[in-house]
Amino acid sequence: MLVWPKYLQAKSLEWIEKSSLVSLVFPNECAFCQCAVEGGQRLCEACLQQLVSNRYCCQRCAMPLPSVLPNDQCSRCRDHHWHFSNILALGHYQGKLREAVILCKKLRVEYLRYALARELANRIRERFPDMQQREPLIVPVPYHWSRTLARTASTANSLAELLSQHSGWPVATRMVRRILRTGKQGMLSLVERQQNVRGAFQIVGSPSLSGRHLLIVDDVVTSGATANELAKQLRRSKPLEISVVALARATG
Ligand SMILES: [Zn+2]
Ligand SMILES: [Zn+2]
């Protein structure tokens, strides 16, 4: 696995890709399996097929659906009150994509995050070809400050910055604060998770979000409770639409 020195931050990577140094600095190898790829590609075809899925799923919550059902007729979504319009993910949290997401949590795997953020930007543009006209704003799910201290970097923040580079859409990293430390939610039911994250976020100031398409970014959407709580807060500012964007959607 290729890792980048810490000083090669996301901005430098963008500059490198645009400059003539690209073939010197970016090896012509897949960001995931390190096999040789053609210049300009960041993932080989085999990894792309494993990491970016076209499996049939609900267009709202991104959970798998039997292909006999229309993708707007999901029983889970009938039972949930989502404050966002849809979840866009590269695939489900399993197999190679799960491995890639876990790798992305490491601090020095910028190249893999960069490659996956590019696929996310493509997926968003496929779903919303007119995104540029929607005044998109990328909003990473913030960590509580105590977690930030421990890890020194947030995968959501890093993905949001990289997504912004690939798309040109602005990112708001300080617009939302996480004011409650919610801890691990792994063993909790959806209802307990919703209670656990209630009041966890605070919007800083009064940002003008009216008419804008907000893209909430996280690495994985598990139950959707965290993104839903953030969307609930953001909806008060009357955006045009709120989508949740993640590398993977957990299906367990
Ligand atoms: Zn590969
Ligand atoms: Zn659904």
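Give me the number: length gained by fully extending L240 to Q34, i.e. 0.36 nm times residue separation minus the C-alpha to C-alpha distance, one decimal in nm. Working shown, then result.
Working: separation 206, 0.36 × 206 = 74.16 nm, distance 4.08 nm.
The span from L240 to Q34 would gain 70.1 nm if fully extended.
F201's amide H: which non-local residues (gap 5+, or another chain) put their own amide H closer than 5 Å, with H modeled 1.01 Å from N in plane and none for Pro or chain starts?
Result for F201 returns I179.
What do you get when you divide the Cα radius of gyration of segment 10-249 by 2.2 N^0.38 Å, with N the number of residues?
Values: Rg = 17.7 Å, N = 240, 2.2 N^0.38 = 17.7 Å.
For segment 10-249, the normalised Cα radius of gyration comes out at 1.00.
With a point put 7 Å past each Cα toward its Cβ, work out how far C77 is from E126 in nm, to one decimal.
1.7 nm
Quick one: work out the % antiparallel among DSSP beta bridges in segment 152-252, nearest 5.
Of those bridges, close to 25 percent are antiparallel.
Compute the label zone of R98 within segment 41-81: residues whose backbone N is under 18 Å from the point 7 Å along Cα-to-Cβ.
So the set is 50-55, 63-65.
Could you name the aspartates and glutamates whose alpha carbon sits less than 14 Å from that of K106, not counting residues in the same chain fewer than 8 places away?
K106 reaches D219.
Which whole-Hz ³J(HN,Hα) couplings does segment 202-211 yield from phi under the Karplus relation 6.51 cos²θ - 1.76 cosθ + 1.60, θ = phi - 60°, glycine and proline marked x?
So the J values, rounded to whole Hz, are 9, 7, 8, x, 10, x, 8, 10, 4, x.
Report the trypsin sites (Lys or Arg not before Pro) located in segment 41-76 that are in a DSSP loop and have at most 15 other Cβ atoms inside 10 Å of their Cβ, or state none.
Answer in residue order: R55.
Here, each number is a calculation from the coordinates, and none is a lab measurement. What you are looking at is a predicted structure, and each value in this text was computed from that prediction instead of being measured. In this analysis, Cβ positions are derived from the backbone assuming ideal geometry, glycine residues included, and neighbour counts consider all displayed protein chains.
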